[in-house]
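What follows is calculated from the coordinates using simple rules that are stated; it is not laboratory data. Please read these numbers as outputs of a predicted model, since none were measured by experiment. Using ideal geometry, Cβ is built from the backbone for each residue, glycine included, and neighbour counts are taken over all protein chains shown.
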Amino acid sequence: MDLVTVFQLAEGGTEETEVLMVKQLLESNGIATVLVGDSPMPNLAEEIRVTAKDADRARALIAEALSVGSAGAEEAEAGELH
């Protein structure tokens, strides 16, 4: 299986929750992921890899989510409450 890195924490980054959020985004869109990192704890991964055939779609989903940012998340949350 040919795996490609589609998301990586910035050098020295420690926000493992960001990796988990991206993983959840991709998997909720039907893209299987593999977490990779130096930590002995798998939930403290530094990057996400997907199959080469899913890489372009995964990058597009990540880019869209990043462009919306936290403002979009707050807007979506507010919409769900009404």
So what J values fall out for region 51-63 if you push phi through Karplus, 6.51 cos²θ - 1.76 cosθ + 1.60 with θ = phi - 60°, rounded to Hz, Gly and Pro as x?
5, 4, 5, 9, 4, 4, 5, 4, 4, 5, 4, 5, 4
How charged is the neighbourhood of Leu35? Take every other residue with its Cβ under 10 Å from the Cβ of Leu35, and add Lys/Arg as +1 and Asp/Glu as -1.
-1
